[in-house]
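Visitor: Got a structure here, written out as structure tokens. Questions coming.
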Amino acid sequence: MVQILAINTVRPSQLYLSSQKLAAVLEWFDFANPSYDPLPIAEYGDELYLLDGHTRAFVAHLGGIKQVRVTREQSILEQEDKQVYHECFAWCADAELRTVSDLSGRILNPEVYQKLWIDRCQQVAEQLE
């Protein structure tokens, strides 16, 4: 079920954005009439976290959009890789990333994004196997 939430009530679950992904979303995002797939979220503790769609959410923020379409995907946190998400939530808390707007200044070129974010997540996943 699609819900509408204030963008500042959803916490990010990743530390960085890819400049390449950002450029791609900026190409198709219609700021005058934003229409995009709902962003998947899940509750962890007392907070709502984005599970995907960080770049779309950030672009919405850039456009001054105050509310986002979301779907609750709680079952994702009940699957095998849930511990990877828990680690991501902790990293974001440690980095004091509380809202999508906090990703400002955390946009990396693709190679650095791969090294600092994707590889880090994959290492955690491998350690948990």
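The values are calculated or read from the model by the stated rules, or taken from the named source; none is laboratory data. It should be emphasised that the depicted structure is a prediction, and the values quoted were computed from it without experimental measurement. Backbone-built Cβ (ideal geometry, glycine too); neighbour counts: all protein chains shown.
Visitor: Answer yes or no as to whether R98 is at negative phi and in contact with a helix residue (DSSP H, G or I) (Cβ under 9 Å, 6 or more places away or on another chain).
Guide: Here the answer is yes, as R98 does meet what is asked.
Visitor: Within the group E111, E78, E43, which residue is acidic (D, E) and in contact with a Lys or Arg (Cβ under 9 Å, 6 or more places away or on another chain)?
Guide: Of the residues listed, the single one that is acidic (D, E) and in contact with a Lys or Arg (Cβ under 9 Å, 6 or more places away or on another chain) is E43.
Visitor: Which pairs have Cβ atoms under 6 Å, sit 6 or more apart or on different chains, and link a residue in the range 56-74 that is touching a residue at least 24 places away in the same chain (Cβ under 8 Å) to one that is part of a loop (DSSP other than H, G, I, E, B)?
Guide: R56/Y36; V59/F29; G63/F31; I65/P34; R69/P38; V70/P38; T71/P38; E73/L51
Visitor: If only one of V84, V124 is modelled with pLDDT under 95, under 27 Å from M1 (Cα atoms), among the hydrophobic types (A, V, I, L, M, F, W, C) and surrounded by 13 or more Cβ atoms within 10 Å (Cβ to Cβ), which one is it?
Guide: Only one candidate passes the filter, namely V84.
Visitor: Check whether at least one residue in the range 109-129 is charged (D, E, K, R), in contact (Cβ under 8 Å) with a residue 24 or more places away in the chain and either touching a Cys at 6+ places or on another chain (Cβ under 6 Å) or not in a helix (DSSP H, G or I) (or both), and report yes or no.
Guide: There is no residue in the range 109-129 that is charged (D, E, K, R), in contact (Cβ under 8 Å) with a residue 24 or more places away in the chain and either touching a Cys at 6+ places or on another chain (Cβ under 6 Å) or not in a helix (DSSP H, G or I) (or both).
Visitor: Would you confirm whether any residue within the range 48-60 is surrounded by 14 or more Cβ atoms within 10 Å (Cβ to Cβ) and touching a Gly at 6+ places or on another chain (Cβ under 7 Å)?
Guide: no
Visitor: Same structure, new question: Out of L15, L26, which single residue is crowded, with 16+ Cβ neighbours inside 10 Å and either more than 13 Å from R69 (Cα to Cα) or hydroxyl-bearing (S, T, Y) (or both)?
Guide: Just one listed residue meets the conditions, L15.
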